[in-house]
Protein chains: 2
Amino acid sequence: MGRHQTFDTAEVVRAARKVFWEHGYEDASIPDLEAATGLKRSSIYHAFDSKRGLFDAAVNSYLDEVVRPRIRPLITEPVSPDAIVEYLAGLRAALRQAGSFHAENGCLLINAAGAPIAHDAAVRESVAAYRAELHAAIRSGIAARFPERPAGEVDRLAETCTALVVATFALTRVDADAAVGSLDAAVRLLG
Amino acid sequence: MGRHQTFDTAEVVRAARKVFWEHGYEDASIPDLEAATGLKRSSIYHAFDSKRGLFDAAVNSYLDEVVRPRIRPLITEPVSPDAIVEYLAGLRAALRQAGSFHAENGCLLINAAGAPIAHDAAVRESVAAYRAELHAAIRSGIAARFPERPAGEVDRLAETCTALVVATFALTRVDADAAVGSLDAAVRLLG
DNA sequence: CTTTTTGCGGAACGGTCGTTCCAGTATATA
DNA sequence: TATATACTGGAACGACCGTTCCGCAAAAAG
């Protein structure tokens, strides 16, 4: 009974994600999203209820396809002692090539933290949860690198390292050199 | 010849600054700015040309009246060895009281870094210049605290500390505890 | 092949945005 | 006091926003 959806949801969300990532929630217009997804307004609203619904889907897609694959080596046992520095090196490489998408747009969620959409409590919680997930992964990676150090010191190192990564993302758009500098500071910390 | 301005420019900019700080550039509407400043649209446009002109004035006001007074003890000779930790403690106190303006809204310029307005090159440069000014002040404060350490080490410490402060600002809105955590990491670094 | 269900396309909606324009008015100068 | 100046108030502008609605088309089920 009835026809089936002709588009691939994951792919559409991926396209929308790119728009939100590049322009932020508020500057990503429906026409922009139509053009990127190849869908018409009515199809978007039918599938996602609202612009906000599509954004939420994009955030989940971002976590699943961008964030978690990157931090997976930090939390899946056995964690290599080099996993944390490799993670940072990977991030650095992505940011270093000027003009690349990552270098131009930083992190979807950290960008959202300072944007108007952050006045929405649910979005604030998403960003906080993202930071917590990142923090846990970094702590895991640091614990694997320094197995002999006491938990308290690992905690403090992880707190600092996470903050440095956050600063990196916060600065990518406005000052690429400073952003990489923060990342290098993190690498130095764990060298 | 001709009447004079009946309002105090600095005071109007201060009121507008608060609106931009709280809502960000794009969510600060002209009606909002009218209500906050007590001016009508025509007066605003006459005095500042555009919403963007008022924003630029607000940014300068923010630098002159908020940022620079805070970092002044870090750069005016003789710099106390405690100046840097006092700076961080002052920041911490401002962020710690929940509900306060600083705690709710973080930093005007770091917020702008992730917002749509950051696609404007001039704004990006403003934020980068702000970070550079902050960085120079922090380095000066660290140099005063550790006069015996080599310049290279002071540089690295300053880079890390600045990034931690940036992370603090980036997180204030979404995760107050994590923001304070970043600040504490900085204090620990210089303890 | 008919029926039923559902996705799709396109036009239209009300609302808000930043900006402009035009009188009217207050005041410093002559 | 007369005149010139420029600030102020209020209405109006076109553009764009996110959202809704409705008729059509497509395809699975009977």
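Among the residues of the stretch B:104-127, those that are in contact with a helix residue (DSSP H, G or I) (Cβ under 7 Å, 6 or more places away or on another chain) and among the hydrophobic types (A, V, I, L, M, F, W, C) comprise B:Cys107, B:Leu108, B:Leu109, B:Ile110, B:Ala112, B:Ala113, B:Ala115, B:Ile117, B:Ala118, B:Val123, B:Val127. Every condition in (1) in contact with a Lys or Arg (Cβ under 9 Å, 6 or more places away or on another chain); (2) facing chain A (nearest Cβ under 8 Å) holds for B:Ala179 except the one numbered (2). Restricting attention to the stretch A:173-189, the residues that are assigned to a helix (DSSP H, G or I) and either surrounded by fewer than 20 Cβ atoms within 10 Å (Cβ to Cβ) or in contact with an Asp or Glu (Cβ under 8 Å, 6 or more places away or on another chain) (or both) total 10.
Selection of helices (runs of 4 or more DSSP H) fully inside the stretch B:3-103 by the criterion of at least 2 residues being within 12 Å of DNA strand C (Cβ to nearest atom), surrounded by fewer than 18 Cβ atoms within 10 Å (Cβ to Cβ) and of a type outside the set (Val, Ile, Thr) returns B:9-27, B:30-37, B:41-48, B:51-62. For the stretch B:150-165, does any single residue satisfy the condition of being without any contact (Cβ under 8 Å) to a residue 40 or more places away in the chain, surrounded by fewer than 22 Cβ atoms within 10 Å (Cβ to Cβ) and outside any helix (DSSP H, G or I)? Scanning the stretch B:150-165, I find at least one residue that is without any contact (Cβ under 8 Å) to a residue 40 or more places away in the chain, surrounded by fewer than 22 Cβ atoms within 10 Å (Cβ to Cβ) and outside any helix (DSSP H, G or I), so the answer is yes.
Residue under question is B:Leu54, and the condition is that it be of a type outside the set (Gly, Ala, Ser) and either within 14 Å of DNA strand D (Cβ to nearest atom) or at pLDDT below 95 (or both); does it hold? Answer is yes for this residue. Of the residues making up the stretch B:19-36, just one is within 10 Å of DNA strand D (Cβ to nearest atom) and among the β-branched types (Val, Ile, Thr), namely B:Ile30. Total residues in the stretch B:104-149 satisfying the condition of being part of a helix (DSSP H, G or I) and of a type in the set (Phe, Trp, Tyr): the figure is 1.
Taking (1) within 30 Å of B:Arg52 (Cα to Cα); (2) surrounded by 24 or more Cβ atoms within 10 Å (Cβ to Cβ); (3) not polar (S, T, N, Q) in turn, B:Arg124 satisfies each apart from (2). When we screen A:Ala10, A:Ala16 for residues that are within 16 Å of DNA strand D (Cβ to nearest atom) and small (Gly, Ala, Ser), the only hit is A:Ala16. Does B:Gly141 count as within 23 Å of A:Asp120 (Cα to Cα) and open to solvent by less than 10 Å² (accessible area, probe 1.4 Å)? Criteria not met by B:Gly141.
The values are calculated or read from the model by the stated rules, or taken from the named source; none is laboratory data. Quick caveat, the model's predicted, so the values are computed rather than measured. Every residue, glycine among them, receives a Cβ derived from its backbone with ideal geometry; neighbour counts consider all protein chains shown. These area figures cover heavy atoms from the full protein model, side chains too; ligands, DNA and RNA do not enter into them. Shrake-Rupley method; radii C 1.70, N 1.55, O 1.52, S 1.80 Å.
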